[in-house]
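Working notes for the structure below.
Every number here is computed from the coordinates shown, using simple stated rules; none is lab data. Quick caveat, the model's predicted, so the values are computed rather than measured. Note that we place each Cβ from the backbone using ideal geometry, even for glycine, and neighbour counts take in every protein chain shown.
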Amino acid sequence: MSELPRTNPQSPISSQPSFASIRILTFVTLFPLILGGLGVGGHYLVTKSFDFLFTTICFFLAVHILICYWETCLYRCRTLVAERTTFWQQRYDETGRLPHVEFFTSRIAWKDIFNSKTWANVWATYARYDPSFADRRTFGFNVDVVNGYVTLIPTILLFLTLSTQLIPARFAGMLGLMLFWQWFYMTTAYFVSFFVAKRHEQLSRSDLLVYIVLLNGPWVLIPLFGLYASFHLVVDGNYSILM
């Protein structure tokens, strides 16, 4: 099993027995699946029903909670992100291995699961496709940092609220309208800034489709479902739209 490449003693991950570590991709997959599953389970206990719209929103929020944490790491480790971006490019030149593939298939010690230096590599490897995340002067960098710090707690609150229905539907709907509109607007603005800056000209069509459009697209599409559901929560005054 490969270990996350290191450039200095402060880099997270050192050689660990298999029982003391987990593959990064495994953790990134399990976190939203478990959290989303708990949300769906809580919703079922309350409503005795499964709903496609709620399930879609629930798993989206679970993924977003993890990404919000990564975005706080982007700011806290902004200098390290720039350093690791250079490192990963040099490593790619030497080995031919795609940085994000090597990173996500590496193993992480359990004690470093929430080490911000670990997740600096998410942005450093993604900077291969959008260099703005290694440059704190850009819109892409700053809009993600703001999203991480501003929406993490509200996202957790909305996740818990929709799963348990413990507060009036109109309050949940107003929170949802604010969050989902923000995600739709900011992601759309990110796409515009990306193409206006002509960063797409440096990518192949397949890389553009996979790493820019498909990875960011859900933050345009799913918030539209969220806005629809939130609107009904406010207008109807109950949670029937999610049942």
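Screening residue 191 against (1) under 16 Å from residue 133 (Cα atoms); (2) under 15 Å from the mean Cα position of the chain (by Cα) leaves a single unmet condition, (2). The residues listed here are 150, 196, 192, 220; of these, the one that is out of contact with any Ser or Thr (no Cβ under 6 Å at 6 or more places or on another chain), within 21 Å of residue 32 (Cβ to Cβ) and of a type in the set (A, V, I, L, M, F, W, C) is 150.
Scan segment 186-224 for residues that are crowded, with 16+ Cβ neighbours inside 10 Å, under 21 Å from residue 61 (Cβ atoms) and hydrophobic (A, V, I, L, M, F, W, C) and jot them down. Result: 186, 219, 220, 222. Restricting attention to segment 185-243, the residues that are among the small types (Gly, Ala, Ser), touching a residue at least 40 places away in the same chain (Cβ under 8 Å) and closer than 24 Å to residue 163 by Cβ add up to 4. All of 109, 124, 120, 172 fail the test of being buried (at least 19 other Cβ atoms within 10 Å of the Cβ), aliphatic (A, V, I, L, M), under 30 Å from residue 196 (Cβ atoms) and touching a Ser or Thr at 6+ places or on another chain (Cβ under 6 Å), apart from 124.
Remark: pairs (first residue in segment 163-177, over 16 Å from residue 227 (Cβ atoms); second residue of a type in the set (Gly, Ala, Ser) and in a helix (DSSP H, G or I); Cβ separation under 6 Å; 6+ apart in sequence or on different chains) = 163/39; 163/42; 164/42. Look at segment 130-164 and say how many of its residues are among the aromatic types (Phe, Trp, Tyr) and crowded, with 22+ Cβ neighbours inside 10 Å. Qualifying residue count for the region: 3.
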